[in-house]
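Only one structure is covered here, and it is reproduced in the block below.
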Amino acid sequence: RTRQATTAEADLAPSAFTAGARLEGARRASEWVREVAALTQPDRIVWCDGSAAEKQELLDLLVEAGTLLPLDPERRPGSYLARSAPSDVARVESRTFICSKDEADAGPTNNWRKPGAMRAELREVFAGSMRGRTMYVVPFSMGPVGGPISQVGIEVTDSPYVVVSMGVMTRVGREVMDLIDAGAPFVPAVHSVGAPLAPGQDDVAWPCNDTKYVVHFPESREIWSYGSGYGGNALLGKKCFALRIASAMARDEGWLAEHMLVIRVTSPEGRRYHLAAAFPSACGKTNLAMLRPTLPGWTVETIGDDIAWLRQGPDGTLRAINPEAGFFGVAPGTGVDTNPNAVATFDRDTIFTNVALTDDGDVWWEGLTPEPPTHLVDWQGQDWTPADGADGRKAAHPNSRFTVAASQCPTIADTWDDPAGVPIDAIVFGGRRASNVPLVAQAYGWEHGVFMGATISSEQTAAAEGTVGELRRDPFAMLPFCGINMADHWAHWLRVGAALDAAKRPEIFQVNWFRKGPDGSFLWPGFGENARVVAWIVDQVDRARGAGPSASSATTGSAATATATPVGRVPAPGALDVGGLDLPDGALDALLDVPVASWRAEADLTQEFFDRFGDRVPAALRAELDALRERLG
Ligand code: SAT
Ligand code: MN
C-alpha cells in the first residue's frame, strides 16, 4: 500500500472544504479533524462520501489486507467474512467510561473518571496512534438525514472495516456534511485501533491494542475510543452515540434514547399499532423485532431491532425512529427455525464477523441449521468438525455478528425510515425470569410502568418455588448504555410521560417469555407464539383508549379482559388467545400466577436496589414500591 512519510500540513487540508466560504459548522468540523490529525499523526486523511464506489474500494482494500474474505458469490453475493483478533470480540464494559464533570451525574452503575484527568490520559494514548495509517472522516446521521428526531456525528477512524460497517449501520454521505456545513451541531467521535505502523512494518489482518478505552464526555457530547475494532467499541454511532451520549442529550432536550426494538403490528381487521420494547441481552429482542405471528391474520413488521429515539410529535403522540440503518445482529442461535426473516435478510451484501466458514465458501454458526456441516474452518481459522463441537468447541464465537442493511429485511415496514417516526401505542419491558414475573402484565399507569422499567431483572438460576433466585438488575435494559445517572433517567421518563396528553400516552407492559415450571422446563413456547401476547397487549391499548375491543379480540363485548393483581393487570381467563396451542395442564395459570410471599421478598430486593441510588431515586418510584407492598398486603 502507498504511504506518505509525514503528515504535511497540506495533506491535512480536507479537499471537501477547499472551495467556497465556510459556515460555522464546516469550519468547526475541519478544525476538529485537523486537531485530531495533529495528535494522531495519520499518513493520509480521506473524507468519506458514503458512495457505492467508495464502499467497493474499501472492500477491495480490506480483502487485499486479509481483513475480509469474500464469500462464494453464488451462495452469498456481495458478502464477506472477517475474523477479529481473538482478544477483540466484544464490548469492554470495564474500559467504558463516563466522564461527566460531577461523579453523581454518571451514577453508581457507570465507571466515572474526572474529565480533565481522562483528557490528559487520552492525549498520551492517542499521540501518534494513527501513524502509518489512513484516517477516514465519516460524517453520519443517526436517523433519516435532516429529520426532526435525527442527529448527526462525525467519526474519524483508522479502520476501513469500521468505515464500511458505519456505511451499513448509519447514513453516511454528502447530505450529512451539507447539514454540518449549514451549522448543524455534530457529535465528534474519534476512533483508533491503537496500532501505529512504523515505516516498512507489515500490517496484521485485525489490528488492535490490548489497552482499550471507550470514553464518553456527556456534557461536550464527545466520544473517544481506542484499541478495539469490534462492534460497539468501534462503530461509535451505535451504543456510544445513540445510547450513552444521546441519553444525556435527550435528558437536556426532552426526548428519550432507548435500548428498544420497534415493531408495527396489524390486526386481522387492519388496525395498526406500534410497540417499542426493551429487553436485556439474550432475551430474544431481534426475534421479536422480526416476529412471524402464528395467529392467523396478524402481521408484524420491523422498524428497528436495537435502538429507538422517541420524541413527542406535533400531533401529541410519542413518535419513535430507529436511528440506525442496519442490523448488527448476534449470529449464533439465529436460524431458519428461530428467525427466518433474519436469515432472509443476510442472504446477500452482508459482513459476517467471527462466524465459521464452510468448505463451499459460505458461513455457518451454531443454530443456523440443526446439523453442522461435516467440516468447517472455525472463527479463529482452525479446522473444525462436529467432533470438536461435541467436545464443546464452538465453530462460531458466541458474540459473532452479521452486519446488514435494514432495508434487506423482508418484514421491514414501509415507514421504517419515516423522518417523523411512528406513533408508539405500547411500551414493553422484558426480562428473563424463571419465577415470579407473569407472562404479561399491564401497568396501572405511566408511573407504575416506569417502575416496571426501572426494576427489570433477569435471574441466572431457576429459583425454587416460593423463592427468588439471584436477580441481575438491568433497568430499562440500559445498564451498560446509560450515559447519565440511571435514577435521573427514571426521573426523566416521569417528566416525559407527564408532558404527554393522557389520551395519547402509550400504555406500558411487562412481559416474561422465560417462566419455568416446577420441572425446570419453559412454560411458554415463545417465538411466533409471542404474537398471542402482542394481540392481548394491543387489545388492552384499544380498551384503555375507549376504542372498544377489536373483532379479533379473544374476549369480545363487556367481558373482562384483565384481572388486577398486585403487580399489574394480567389476562383474565379466556382473554389470551391460546387456541390451538398445546400448553401443559395448568401452564397458563402458572404463567400468570403472582405468588405473594416471594413478591414481598422481591419488593425488599427492589428497595435495596433503589437504595444504591440514594436520594436521586424519584419520589414517585419510591411511592410505587410502597403501593406495590400495599397491594401485596
Ligand atoms: O457490540 S454492540 O455493543 O454494538 C452490540 C451489543 O453489545 O449488543
Ligand atoms: Mn443492543
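The values are calculated or read from the model by the stated rules, or taken from the named source; none is laboratory data. If you're wondering where the values come from, they're calculated on a predicted model, not measured in any experiment. FYI the Cβ positions are ideal-geometry reconstructions off the backbone, even for glycines, and counts take in every protein chain you see.
Would you be able to say whether some residue in region 482-492 is closer than 30 Å to PHE613 by Cα, within 16 Å of ligand 1 (Cβ to nearest atom), at pLDDT 95 or above and assigned to a loop (DSSP other than H, G, I, E, B)? Quick ask: steps written out before the conclusion?
Start the filter on region 482-492 by keeping residues that are closer than 30 Å to PHE613 by Cα, which leaves 482-492.
Next, only the ones that are within 16 Å of ligand 1 (Cβ to nearest atom) stay: 482-483.
If we keep only those that are at pLDDT 95 or above as well, we get 482-483.
Restricting the remaining residues to those that are assigned to a loop (DSSP other than H, G, I, E, B) gives 482-483.
Yes - at least one qualifying residue is present in region 482-492.
In summary, strands (runs of 3 or more DSSP E) completely within region 74-189 and bearing 2 or more residues that are under 30 Å from GLY254 (Cβ atoms) occur at 96-98, 134-142, 151-157.
A search for C-beta distances below 9 Å between a residue of region 518-547 that is over 20 Å from LEU291 (Cβ atoms) and any residue that is in a helix (DSSP H, G or I), counting only pairs 6+ apart in sequence or on different chains, returns PRO518/ALA590; ALA547/VAL541. Being modelled with pLDDT of 95 or more, within 16 Å of ligand 1 (Cβ to nearest atom) and among the aliphatic types (A, V, I, L, M) holds for only one residue in ILE351, ILE263, and it is ILE351. Picking from residues in region 507-548 that are part of a loop (DSSP other than H, G, I, E, B) and among the polar types (S, T, N, Q), the one that is farthest from THR411 (Cα to Cα) is SER521. Number of residues in region 242-260 that are away from ligand 1 (no atom under 11 Å from the Cβ), outside any strand (DSSP E or B) and within 19 Å of LEU479 (Cβ to Cβ): the value is 6. Exactly one residue out of PRO480, PRO518, PRO475, PRO438 is over 30 Å from ARG311 (Cβ atoms) and out of contact with any Leu (no Cβ under 6 Å at 6 or more places or on another chain), and it is PRO518. Restricting attention to region 240-269, the residues that are within 16 Å of ligand 2 (Cβ to nearest atom) and either of a type in the set (S, T, N, Q) or more than 30 Å from VAL541 (Cβ to Cβ) (or both) add up to 5.
The lone criterion from (1) within 16 Å of ligand 2 (Cβ to nearest atom); (2) within 30 Å of PRO370 (Cβ to Cβ); (3) not in a loop (DSSP other than H, G, I, E, B) left unmet by GLY453 is number (2). Could you check, for region 283-299, whether at least one of its residues is within 16 Å of ligand 1 (Cβ to nearest atom), of a type in the set (A, V, I, L, M, F, W, C), closer than 23 Å to ALA242 by Cβ and at pLDDT below 95? Taking every residue of region 283-299 in turn, at least one turns out to be within 16 Å of ligand 1 (Cβ to nearest atom), of a type in the set (A, V, I, L, M, F, W, C), closer than 23 Å to ALA242 by Cβ and at pLDDT below 95.
Here's the yes/no breakdown for (1) charged (D, E, K, R); (2) surrounded by fewer than 23 Cβ atoms within 10 Å (Cβ to Cβ):
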{"site": "VAL193", "(1), (2)": "no, no"}
{"site": "ASP203", "(1), (2)": "yes, yes"}
{"site": "VAL215", "(1), (2)": "no, no"}
{"site": "GLU219", "(1), (2)": "yes, yes"}
{"site": "TYR230", "(1), (2)": "no, no"}
{"site": "LEU235", "(1), (2)": "no, no"}
{"site": "LYS238", "(1), (2)": "yes, no"}
{"site": "ILE245", "(1), (2)": "no, no"}
{"site": "ALA277", "(1), (2)": "no, no"}
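Among the residues of region 365-405, those that are surrounded by fewer than 21 Cβ atoms within 10 Å (Cβ to Cβ), among the hydrophobic types (A, V, I, L, M, F, W, C) and either within 16 Å of ligand 2 (Cβ to nearest atom) or farther than 15 Å from TYR80 by Cβ (or both) comprise ALA387, ALA390.
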